[in-house]
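The values are calculated or read from the model by the stated rules, or taken from the named source; none is laboratory data. Bear in mind that the values here come from a model prediction, so they are computed numbers and not experimental data. Please note: Cβ atoms are built from the backbone with ideal geometry, for glycine as well, and neighbour counts cover all protein chains shown.
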Amino acid sequence: MSIRERMSGNEAVAYAIRQVNPDVMAAFPITPSTEIPQMVSTFIANGDIDTEFIPVESEHSSMSATMGACAAGARAITATSSCGLAFMWEVLYVAASDRLPVVMAVVNRALTGPININCDHSDSMGARDSGWLQIYAETNQEAYDNYIQSFRIAEHPDVKLPMMVCQDGFITSHAVMNIELIEDEKVKSFVGSYEPENYLLNPEMPMAIGPYANSPFYMETKMNQRIAMKNAKKVILDVAKEFEKISGRSYGLFEEYHMEDAEYVIVIMGSAAGTTKDAVDELRAKGVKAGMIKVRVFRPFPGEELAAALKDAKAIAIMDRAESFSGMGGPLGSELKAALMDAGCKATVVNNFYGIGGRDYTVEDAEAIYNDLMEFEAGTKPFKQFRYIGLRK
């Protein structure tokens, strides 16, 4: 029987950590992820888990300690947000290239500057090319479920890549929602123990981790990372099927909402998907064939799969919660538009920015975007790319 509870997203992730009981957690506090290591340290102090908690002087050090513990053969985790993630930048690439299956809870928050403690995706999207897997949650339930699945994905022999488990700062991390928890025994059995084939403290297999790689070796390292990232798609889906057996909840690379006959579609990530679903429901009641796709997995990017799901759409709005200043759209917009072009998509496609720095995104905003799509597709309104939704006039 599942355990019915009420928890914030941070509480849910910390509860999952207690159930997994990792070997090492190194962390440095930063809003809005601070609660996660606080709660884990309380579990340790109370004797609920025997995780080794390493307090450090910075996020660069927390990732360095986590990476070192993982290289030594430990199941190692950390948590961070915003500028803390940016401070880890150098070590993120090392962890990925060393193929260390670190799991990191990322509570998304805008990057400075100006200083802002509210949600957008600029922190994790800034690290999108670091070689880490990235998975995003709409709700507290998904943050919990994603976290439990992440160990099986990252540690799989066909993958062996670090993974960011992302949720929206304050919107899910601090908001309390109903949640269904899985019994401790089932979680422990599902996740299993971490038994790396090779590790630094194995006296039977002396090895080096993170060596200098010059031109004859560097490119091959990157190609192997690409292969692992590609392999991760199947592993993510396989793990999700197994997770459904113990939870009753199904997951994929993305979620389709009223897409069976959808002509006008919003593609979005994170907590704002719930707001968009409400808009879809209201428009459906008026006879509008509105639909939504919520991208759950951003790395590896499911471009071909998304293009197939969008093949019958007449007009598509891709919503980015991070600005990349590329001139060609945001991170999600640029990658999905490229995938749609490769698939020969003829739909009208617009890329919008929303929720940056915590700006409100409402049901009315979503409905207006759908109305714009209908007018763009009909040719009754001038087409405009890269609008900021909710921008003050």
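Quick notes
- Selection count where residues are surrounded by fewer than 10 Cβ atoms within 10 Å (Cβ to Cβ) and either assigned by TED's automatic domain parsing to the domain that holds Lys160 or under 18 Å from Pro101 (Cβ atoms) (or both), scope the range 194-204: 3
- Checking the range 1-13 against the condition returns no match, with no residue being touching a strand residue (DSSP E or B) at 6+ places or on another chain (Cβ under 7 Å), surrounded by 24 or more Cβ atoms within 10 Å (Cβ to Cβ), over 27 Å from Ile356 (Cα atoms) and of a type in the set (Val, Ile, Thr).
- Matching option when the condition is at pLDDT 95 or above, of a type in the set (A, V, I, L, M, F, W, C) and part of a strand (DSSP E or B), among Met104, Met67, Met39: Met104
- Any hit, the range 116-132, residues being touching a Cys at 6+ places or on another chain (Cβ under 7 Å), within 24 Å of Ala65 (Cβ to Cβ) and either not assigned by TED's automatic domain parsing to the domain that holds Tyr354 or not β-branched (Val, Ile, Thr) (or both): yes
- Test: residue in the range 45-54 that is of a type outside the set (Ser, Thr, Tyr) and part of a helix (DSSP H, G or I): yes
- If the condition is being of a type in the set (Phe, Trp, Tyr) and touching a helix residue (DSSP H, G or I) at 6+ places or on another chain (Cβ under 8 Å), then the range 338-369 contributes Tyr354, Tyr361.
- Qualifying residue in the range 255-278 (condition: buried (at least 17 other Cβ atoms within 10 Å of the Cβ) and among the aromatic types (Phe, Trp, Tyr)): yes
- Yes/no for Leu237 being surrounded by 13 or more Cβ atoms within 10 Å (Cβ to Cβ), in contact (Cβ under 8 Å) with a residue 24 or more places away in the chain, out of contact with any Lys or Arg (no Cβ under 7 Å at 6 or more places or on another chain) and not assigned by TED's automatic domain parsing to the domain that holds Tyr354: no
- The residues on offer are Tyr194, Tyr212, and the sole one that is modelled with pLDDT of 95 or more and part of a loop (DSSP other than H, G, I, E, B) is Tyr194.
- Flag if Ile153 is in a loop (DSSP other than H, G, I, E, B), within 24 Å of the chain's Cα centre (by Cα) and crowded, with 19+ Cβ neighbours inside 10 Å: no
- Residue list for the range 102-131, filter: surrounded by 24 or more Cβ atoms within 10 Å (Cβ to Cβ), touching a residue at least 60 places away in the same chain (Cβ under 8 Å) and not polar (S, T, N, Q): Val102, Val103, Met104, Ala105, Val106, Val107, Arg109, Ala110, Cys119, Asp120, His121
- For the residues Glu180, Glu138, Glu142, Glu90, the requirement of being acidic (Asp, Glu), closer than 15 Å to Val239 by Cβ and either in a loop (DSSP other than H, G, I, E, B) or out of contact with any Cys (no Cβ under 9 Å at 6 or more places or on another chain) (or both) singles out Glu142.
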